[in-house]
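*Asks:* Got a structure for you, questions after.
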Amino acid sequence: MRQQQPAPQAATGTTAGLANAGSKKARPSVWKEYVKTRYLFLLLAPVLIWYAIFAYGPIYGIQLAFKQYQIMDGISGSPWVGFDNFKYLFEASPDFWKVLSNTLRLSLYHIVFGFPAPIILALLFNEIRFNAFKRITQTLTYLPHFLSWVVLSGILFIILSPSTGVVNFLMQKVGIEPIYFLGNGHYFRFTLVVSSIWKEVGWGTIIYLAALASIDPQQYEAAIMDGASRWKQTLHITLPGLLPAIAIMFILRIGGILDAGFDQVLNLYTPGVYSVADIIDTYVYRMGLTQMQFSLTTAVGLFKNVIAFALVLMTNFFVKRAGQEGLL
């Protein structure tokens, strides 16, 4: 009598179980992978140490926003005052709402005029077919990014001087009266926005040029075969390919809406334009370092970070609702 063979289903299940068990047994643990690549983590150690000291270490000082800081007692020994610093900031401070308004207005100008600038420049670079000219122009637009605002402010004071500046000299040649761009409140914000765009527009194109390089060339070839013009190729291929990068950069930019450029403003503003140029960061600098109101300025910094965090989450939500990839 023939011996009955085991059911194929049972054999298959047993074989799959043994295979899974073998794969689980052979798969190395995560910690073994860390040990295996420990030398790479040594290379990463300086960055981690820097963040631990300068990014996470100062979080200990946030408690100053809820204390009345006394130098002799230190942070831990200073008395708690609850939300008194915030109440003074929002109710009794004579300058806070003014500097908040200046900050929001400057940031709005930077977003409206400065945010599209690197996108437009990247699209223009993408249309250049002469590689040597393209490399030269890219290098020239990158260079101002590597100059500090201390250097650039000196250059701007020279070329925008109402008496000896080259800009006002050319304006006088065409019959326009000299303008004190850095001393007149009506023109100071305009000068800030234009100089900021000039400094950072080339550096900002790097991300968008990388996004353009990732677009499949076959899409352009198919569009050419269909008779699409350069404008239609840009509208239906290039811009959709840039949208993920634009969405991420927009989220980050909205998160920094209360940062209106401390280095730039500090080096360019003068007492004559304080009413339009004094922003939150210069207010913190003045109140914290010159008047030693450390608790009040810590409260301002905490307020800024909470607002920035909320704006990032909100913008990320709307960007994802619009069909784009967000940060979270």
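*Asks:* Cα centroids of the range 63-121 and the range 227-252: how far apart, whole angstrom?
*Replies:* 36
*Asks:* Then there is this: Summing Lys, Arg as +1 and Asp, Glu as -1, what charge do residues with Cβ under 14 Å from the Cβ of residue 137 carry, residue 137 excluded? Can you show the working numbers first?
*Replies:* On the way: positive: 129, 134, 135; negative: 127.
Residues near residue 137 contribute +2 overall.
*Asks:* Moving to a separate point now. When 304, 67, 36 are ordered from fewest to most other Cβ atoms inside 10 Å of their Cβ, what list results?
*Replies:* Numbers: 304 19, 67 22, 36 10.
By the 10 Å Cβ count, ascending: 36, 304, 67.
*Asks:* A further question on this structure: Between beta-carbons, use under 10 Å as the cut-off and find the net charge around residue 247, counting Lys and Arg +1, Asp and Glu -1.
*Replies:* On the way: positive: 320; negative: 325.
Counting the neighbours of residue 247, the net charge comes to 0.
*Asks:* Then there is this: When we measure straight from the Cα of residue 320, which lysines land under 27 angstrom away, once same-chain ones fewer than 8 places off are left out?
*Replies:* 232, 304
*Asks:* So how do 197, 207 line up by other beta-carbon neighbours within 10 Å, fewest first? Spell out each step's value before the answer.
*Replies:* Working: 197 20, 207 17.
With the sparsest Cβ surroundings first, the list reads 207, 197.
*Asks:* Another question, if that's okay. Taking amide H atoms as placed 1.01 Å from N in the peptide plane, list the residues 5 or more away in sequence, or in a different chain, whose amide H sits under 5 Å from that of residue 67.
*Replies:* Those lying under 5 Å, H to H, from residue 67 are 81.
*Asks:* Would you mind working out the magnitude of the charge dipole of the range 28-184 relative to its Cα centre, with +1 at each Lys and Arg C-beta and -1 at each Asp and Glu C-beta, to the nearest 20 Debye?
*Replies:* Numbers: 11 positive and 7 negative charges, 138 e Å.
Around 660 debye, computed over the range 28-184.
*Asks:* Full extension from residue 45 to residue 98: what is 0.36 nm times the residue separation minus their Cα-Cα distance, to one decimal in nm?
*Replies:* 14.8 nm
*Asks:* Same structure again: How big is the charge dipole of the range 170-259 about its Cα centre, in debye rounded to the nearest 20, if each Lys and Arg gets +1 on its Cβ and each Asp and Glu gets -1 on its Cβ?
*Replies:* Working: 6 positive and 6 negative charges, 55 e Å.
It comes to approximately 260 debye.
*Asks:* Between residue 78 and residues 5 or more places away or on another chain, which pairs have amide H atoms under 5 Å apart, with H built 1.01 Å from N, and which residues are they?
*Replies:* Hits under the 5 Å cutoff: 70.
*Asks:* Once the dipole of the chain is set up with Lys and Arg at +1 and Asp and Glu at -1 on Cβ about the Cα centre, which of 29, 102, 302 lies farthest towards its positive end?
*Replies:* Selected residue: 29.
*Asks:* Note the full-extension length gain between residue 308 and residue 55 as 0.36 nm times their separation in residues minus their Cα-Cα distance, in nm to one decimal. Walk me through the numbers on the way to the answer.
*Replies:* Numbers: separation 253, 0.36 × 253 = 91.08 nm, distance 1.61 nm.
Contour length minus the Cα-Cα distance gives 89.5 nm.
*Asks:* Another one. Using helices alone, what [θ] at 222 nm do you get for the chain, with -39,500 (n - 2.57) per DSSP H run of 4 or more residues, divided over all residues and rounded to the nearest 500? It would help to have the intermediate numbers written out before the result.
*Replies:* Values: 18 runs with 209 residues, N = 328.
Computed ellipticity for the chain at 222 nm equals -19500 deg cm²/dmol.
*Asks:* Separate question: Given a cut-off of under 8 Å on Cα pairs at least six residues apart, what relative contact order in percent is computed for the range 227-328? Walk me through the numbers on the way to the answer.
*Replies:* Working: 59 pairs, mean separation 38.8, N = 102.
Here the relative contact order equals 38 percent.
*Asks:* Below 8 Å between Cα atoms, with a sequence gap of 6+, how large is the relative contact order for the chain in percent? Don't skip to the end; give the middle numbers.
*Replies:* Numbers: 279 pairs, mean separation 75.3, N = 328.
Relative contact order here is 23 percent.
*Asks:* Suppose every Lys and Arg Cβ carries +1 and every Asp and Glu Cβ carries -1, with no other charges. What dipole size does the chain come out with about its Cα centre, to the nearest 20 debye? It would help to have the intermediate numbers written out before the result.
*Replies:* Working: 24 positive and 16 negative charges, 244 e Å.
Magnitude of the dipole: close to 1180 debye.
*Asks:* Among 167, 112, rank each residue by its count of other Cβ atoms within 10 Å, from fewest to most, as a rough exposure measure.
*Replies:* On the way: 167 15, 112 10.
The fewest-first ordering by Cβ neighbours comes to 112, 167.
*Asks:* Which of the peptides 148-155, 120-127 is most tightly packed, and how do the rest follow, judged by the mean count of other Cβ atoms within 10 Å per residue? Working shown, then result.
*Replies:* On the way: 148-155: 14.0, 120-127: 16.4.
Listed from highest to lowest mean packing, they are 120-127, 148-155.
*Asks:* Given [x] 137; [y] 125; [z] 306 as candidate values of volume of the Cα convex hull per residue in Å³, which corresponds to the one derived from the coordinates?
*Replies:* Only one listed value fits the structure, namely [z].
*Asks:* Right, something else. Place the peptides 77-89, 279-291 in order of packing, highest mean first, counting for every residue the other Cβ atoms within 10 Å and averaging per peptide.
*Replies:* Numbers: 77-89: 14.6, 279-291: 17.6.
The peptides rank, most packed first, as 279-291, 77-89.
Every read-out reported here was derived from the displayed coordinates using simple, explicitly stated rules and does not represent laboratory data. These figures come from a predicted structure and were not determined experimentally. Glycine also receives a Cβ, built like all others from the backbone with ideal geometry; neighbour counts cover every protein chain displayed.
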